[in-house]
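**Student:** If you scroll down you'll find the structure; I have some questions about it.
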Amino acid sequence: QVQLVESGGGLVQTGGSLRLSCAASGSTFSSYGVGWFRQAPGKEREFVASISWSGGRTDYADSVKGRFTISRDNAKNTVYLQMNSLKPEDTAVHYCAAQRYSSGSVYPNAYHYWGQGTQVTVSS
């Protein structure tokens, strides 16, 4: 069992940067693959990025490739999402999710554990 808490969201202008954190507790986080997803009002939850449990594989949605970077620090039980060159269309609640021994997945139902989300708002 693992509990996830996201932080780092906020209001930023177009072109700005934010770093989201997903802090885990309750289990050996280094054995969990982690995904970041986001959901804007009236839209379905969509995949943003994922990192495998080993950290050796990362995947990104086409819409964020080259702007976002996912990474993990197992000593701190934390996964990060560095978001640069933010655009208004990045505005959404951002969630992290975890699944044991996962290499990462673009599908929300591949993850068993979810955080409560953190709001990211990008003004134009």
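The values are calculated or read from the model by the stated rules, or taken from the named source; none is laboratory data. These numbers were taken from a predicted model, which means no experiment stands behind them. Backbone-built Cβ (ideal geometry, glycine too); neighbour counts: all protein chains shown. Each accessible area value is taken on the protein alone, full model and side chains, heavy atoms only, with ligands, DNA and RNA left out. Shrake-Rupley method; radii C 1.70, N 1.55, O 1.52, S 1.80 Å.
**Student:** Filter the range 93-124 for residues that are at positive phi and under 14 Å from the mean Cα position of the chain (by Cα) and give the result.
**Tutor:** Of everything in the range 93-124, those that are at positive phi and under 14 Å from the mean Cα position of the chain (by Cα) turn out to be G104, G117.
**Student:** Can you name every residue in the range 98-116 that is open to solvent by 50 Å² or more (accessible area, probe 1.4 Å), over 17 Å from S71 (Cα atoms) and part of a loop (DSSP other than H, G, I, E, B)?
**Tutor:** Passing the criteria: Y107, H112, Q116.
**Student:** Within the set of pairs 6+ apart or on separate chains, which have a first residue in the range 1-24 that is closer than 30 Å to Y101 by Cα, a second that is open to solvent by 50 Å² or more (accessible area, probe 1.4 Å) and aliphatic (A, V, I, L, M), and C-beta atoms under 9 Å apart?
**Tutor:** Going by the 9 Å Cβ cut-off, the qualifying pairs are S21/V5; C22/V5; A23/V5; A24/V5.
**Student:** Same structure, new question: Looking at (1) more than 12 Å from the chain's Cα centre (by Cα); (2) surrounded by fewer than 21 Cβ atoms within 10 Å (Cβ to Cβ); (3) not polar (S, T, N, Q), find the lone condition where D90 falls short.
**Tutor:** In the conditions (1) more than 12 Å from the chain's Cα centre (by Cα); (2) surrounded by fewer than 21 Cβ atoms within 10 Å (Cβ to Cβ); (3) not polar (S, T, N, Q), D90 misses (2) alone.
**Student:** Do we find a residue being closer than 20 Å to E44 by Cβ and either within 14 Å of the chain's Cα centre (by Cα) or surrounded by fewer than 14 Cβ atoms within 10 Å (Cβ to Cβ) (or both) anywhere in the range 68-78?
**Tutor:** Of the residues in the range 68-78, the ones closer than 20 Å to E44 by Cβ are 68.
Now drop any that are not either within 14 Å of the chain's Cα centre (by Cα) or surrounded by fewer than 14 Cβ atoms within 10 Å (Cβ to Cβ) (or both), which leaves 68.
Looking for residues that are closer than 20 Å to E44 by Cβ and either within 14 Å of the chain's Cα centre (by Cα) or surrounded by fewer than 14 Cβ atoms within 10 Å (Cβ to Cβ) (or both), one finds at least one in the range 68-78, hence yes.
**Student:** Right, something else. State yes or no: is F47 farther than 17 Å from P108 by Cα, out of contact with any helix residue (DSSP H, G or I) (no Cβ under 6 Å at 6 or more places or on another chain), surrounded by 15 or more Cβ atoms within 10 Å (Cβ to Cβ) and among the aromatic types (F, W, Y)?
**Tutor:** Numbers: farther than 17 Å from P108 by Cα: no; out of contact with any helix residue (DSSP H, G or I) (no Cβ under 6 Å at 6 or more places or on another chain): yes; surrounded by 15 or more Cβ atoms within 10 Å (Cβ to Cβ): yes; among the aromatic types (F, W, Y): yes.
So F47 fails the test.
**Student:** Applying the selection to the range 2-19, what residues are among the polar types (S, T, N, Q) and either at positive phi or open to solvent by less than 70 Å² (accessible area, probe 1.4 Å) (or both)? Show your work before the answer.
**Tutor:** First pass over the range 2-19, keeping only residues among the polar types (S, T, N, Q): 3, 7, 13-14, 17.
Hits for the range 2-19 are S7, S17.
**Student:** Considering (1) in a loop (DSSP other than H, G, I, E, B); (2) touching a residue at least 12 places away in the same chain (Cβ under 8 Å); (3) surrounded by fewer than 18 Cβ atoms within 10 Å (Cβ to Cβ), say which one Q119 fails and leave the rest.
**Tutor:** So the condition that Q119 fails would be (1).
**Student:** Every residue in the range 54-67 that is open to solvent by 50 Å² or more (accessible area, probe 1.4 Å) and either over 20 Å from T14 (Cα atoms) or in contact with a strand residue (DSSP E or B) (Cβ under 6 Å, 6 or more places away or on another chain) (or both), please.
**Tutor:** Let us first name the residues in the range 54-67 that are open to solvent by 50 Å² or more (accessible area, probe 1.4 Å), namely 54, 56-58, 60, 62-63, 65-66.
The answer is S54, G56, R57, T58, Y60.
**Student:** Of the residues that make up the range 20-42, is at least one open to solvent by 50 Å² or more (accessible area, probe 1.4 Å), within 18 Å of V122 (Cβ to Cβ) and of a type in the set (K, R)? First the steps, then the outcome.
**Tutor:** Step one: list which residues in the range 20-42 are open to solvent by 50 Å² or more (accessible area, probe 1.4 Å), which gives 25-26, 28, 39, 41-42.
Those left that are additionally within 18 Å of V122 (Cβ to Cβ): 39, 41-42.
Imposing the further condition that a residue be of a type in the set (K, R) reduces the set to none.
No, every residue in the range 20-42 fails to be open to solvent by 50 Å² or more (accessible area, probe 1.4 Å), within 18 Å of V122 (Cβ to Cβ) and of a type in the set (K, R).
**Student:** Here is a further query. Consider Y101 against the criteria (1) touching a helix residue (DSSP H, G or I) at 6+ places or on another chain (Cβ under 8 Å); (2) closer than 15 Å to E6 by Cα: it satisfies all of them except one. Which criterion is unmet?
**Tutor:** (2)
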